[in-house]
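Participant: My questions all concern the structure below.
The values are calculated or read from the model by the stated rules, or taken from the named source; none is laboratory data. Owing to the predicted nature of the structure, the values given are computational and were not obtained by experimental measurement. Backbone-built Cβ (ideal geometry, glycine too); neighbour counts: all protein chains shown. For the accessible areas, the whole protein counts, side chains as well, though only heavy atoms, and no ligand, DNA or RNA atoms are used. Shrake-Rupley method; radii C 1.70, N 1.55, O 1.52, S 1.80 Å.
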Amino acid sequence: MDFEKLFDMQRRLNQHIERTHKLTKEDLFNKKVLALIVELGELANETRCFKFWSIKPASPKEKIVEEYVDGIHFILSLGIECGFDRETIYSVGHETEKSISDQLLEVYELICEFRNSRTLCDYRTVFLAYLQLGKMLGFTPADIEKAYIHKNEENYKRQAEGY
């Protein structure tokens, strides 16, 4: 995955949104953290991994990856906000025995830790845990990058339409 490309795309989108909505002097860190947590919940809802009471299947893979990359947008945005956008992010390498539900909960906890610390180490930990979640959901780096680019374009379109 070309993280430098994704950070550059996200930086341009952030700048566009901040200029359009006159937010260039606002501290958006906590709002971005909350947005990431909300997106994580929406992702969980589409996977239905925690809905033990229901027999309805998960949403189609296309819908799940769309929700997943919404989280990527906010993780990248938080990295930019903290000045971590030029740091190296390594791809996920190891397998895990965790369930998707457990991984979602771990990502949630790590987001909260990062919110309090704002350290590069905790940022990388969140990003890697989120990438691991994507791997567990069956997404390749190419799937994620393609879906991110598509959603990034959609986000510009939404801004133009007064979203």
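Participant: Can you give me the orientation-averaged projected area of the convex hull built on the Cα atoms of the range 21-79, in nm²?
Facilitator: 5.0
Participant: Can you spot the lysines whose alpha carbon is less than 28 Å from residue 22's alpha carbon? Ignore those fewer than 8 places along the same chain.
Facilitator: 5, 31, 32, 151, 157
Participant: Same structure again: Provide the FRET efficiency to the nearest 0.05 for the residue 52-residue 11 pair, computing r from the beta carbons and using R0 = 41 Å.
Facilitator: So the FRET efficiency works out to roughly 0.50.
Participant: Using mean Cβ contacts within 10 Å as the protection proxy, how do 72-85, 37-50, 11-24 order, highest first?
Facilitator: Ranking, from highest mean packing down: 72-85, 37-50, 11-24.
Participant: Using just the Cα positions, wrap the chain in a convex hull and report its mean projected area in square nanometres, one decimal place.
Facilitator: 9.8
Participant: While we're here: If I take every Cα pair under 8 Å that is 6 or more residues apart in the range 35-145, average their sequence separation and divide by the length, what percent do I get for the relative contact order?
Facilitator: 28
Participant: Can I ask one more? With the cut-off at 1.5 for a/c, could you classify the range 73-163 from its C-alpha gyration tensor as rounded, prolate or oblate?
Facilitator: It is oblate, given that a/c is not under 1.5 and a/b is not larger than b/c.
Participant: Just from its helices, what would the mean residue ellipticity at 222 nm be for the chain, if runs of 4 or more DSSP H residues each count -39500 (n - 2.57) and the sum is divided by every residue, rounded to the nearest 500 deg cm²/dmol?
Facilitator: -23500 deg cm²/dmol
Participant: Moving to a separate point now. Cα centroid distance between the range 1-34 and the range 102-122, in Å?
Facilitator: With the range 1-34 and the range 102-122 each reduced to a Cα centre, they are spaced 19 Å.
Participant: Leaving out ligands and nucleic acids, and using a 1.4 Å probe, what accessible area per residue does the chain come to in Å²?
Facilitator: About 56 Å² of surface per residue is accessible.
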